[in-house]
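Okay, structure first, notes after.
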Amino acid sequence: MFTCRGILGCSTQLPLPQEFLGSGVDFPVGNVSFFLFFSGHVAGAVIASLDMRRMQRRGMAWLFDILNVLQSLRLLATRGHYTIDLAVGLGAGILFDFLAGKYEQSKTTKTSTFSRSMKEIC
């Protein structure tokens, strides 16, 4: 997810306006554009929430969802992200959770097939 976010961020990055005033606590320091397309915070929280649902920890999943909504409101209010960044972050979290599940399933299937074939050989 973060590799994809970095690639999309580099390919969609715009220069900062001349009137942009950075602060000493900004990262990176100075007037350097560091805005990446889609919110990794939102995507990561969605993945954590979906994982908690898989583990049957629904209360924790709802807590993650509520905190994610509050985080999204904070990011919008402080102009930390555009609205589209948050919406795509939500979709990216669902997509990458799905892809990770498919990858894990393929590894489990290959391991099971390998174990069965080894038992047949022995």
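Tell me, what is the FRET efficiency for ILE84 and THR109 to the nearest 0.05, using R0 = 30 angstrom and their Cβ-Cβ distance as r?
Using R0 = 30 Å, I get an efficiency of 0.25.
Under a Cβ-only charge scheme (Lys and Arg +1, Asp and Glu -1), can you give me the dipole magnitude of segment 47-116 about the Cα centre, in debye to the nearest 20?
280 debye
With a 1.4 Å probe and all protein chains kept in place, how do ARG54, ARG5 rank by accessible area, largest first?
ARG54, ARG5
The values are calculated or read from the model by the stated rules, or taken from the named source; none is laboratory data. These numbers were taken from a predicted model, which means no experiment stands behind them. Virtual Cβ from ideal backbone geometry, glycine too; neighbours counted across all protein chains shown. Note: areas computed on protein heavy atoms with side chains; ligands, DNA, RNA excluded. Shrake-Rupley method; radii C 1.70, N 1.55, O 1.52, S 1.80 Å.
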